[in-house]
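To start, the structure under review is shown below, and the notes come after it.
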Amino acid sequence: MKRIGIISDTHSFWDDRYLEYFEPCDEIWHAGDICSMELAERLASFRRLRAVCGNCDGGDLRLMYPELLRFKCEEVDVLMKHIGGYPGKYDSSIVRIMQSNPPQLFISGHSHILKIKYDNMLNLLHINPGAAGLQGWQKERTLVRLAIEGNKFTDCEVISLGGR
């Protein structure tokens, strides 16, 4: 079993509670708009970090992290992209992949809107952890934790970091 901490849209904002809430996790997945090498390095020094670059990431972050990341976690095929949309309204940049070879778990960010939704048409779980940073229009800052055991998802929880 792997315990995963999912975060997005930090926009350079560091909160010590990231480490507190990700303490029980084996890996941290960042769905883009990290906006700070220091923040990425702090997360990566704490736990294994898998990340994609977002539309606000530049320079070294774009060199370090791809726009699209596909990998296996346990027996689950995972796809992560910052601008990805959500079930029923996937972003045009990802539609072809989603229709021809959908993952079992799709992680995206960008909207700053927390969304955990099952896509019955493509038989996949979609997670957007919302935004953990201060920049943006979200009223509440959020993270998500999830356990993956074999090909099953368990213990999915939303963590509120409070308002902006």
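Here are the numbers for this structure:
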item: Beta bridges per DSSP with both ends in segment 1-79, % antiparallel, nearest 5; result: 35 percent
item: Residue 42 accessible area, assembled protein chains, probe 1.4 Å, Å²; result: 90 Å²
item: Contact order relative to length of segment 53-164, as percent, for alpha carbon pairs under 8 angstrom and 6 or more apart; result: 19 percent
item: Residue 116 - accessible surface, heavy atoms, 1.4 Å probe, Å² rounded to 10; result: 70 Å²
item: Proximal lysines to residue 89, defined as alpha-carbon separation beneath 18 angstrom and excluding residues fewer than eight positions away on the same chain; result: 81, 115, 117
item: Where a label projected 7 Å from the Cα of residue 123 along Cα→Cβ would reach, residues of segment 66-94 with amide N under 17 Å; result: 75-79
item: Largest-first principal axis extents of the Cα set of segment 20-73 (Å); result: 30, 26, 14
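The values are calculated or read from the model by the stated rules, or taken from the named source; none is laboratory data. None of the values given here were measured: they were computed from a predicted structure. No Cβ is skipped: glycine too gets one built from the backbone with ideal geometry, and neighbour counts run over all protein chains shown. Accessible surface is based on the protein model in full, side chains and every heavy atom, while ligands, DNA and RNA are left aside. Shrake-Rupley method; radii C 1.70, N 1.55, O 1.52, S 1.80 Å.
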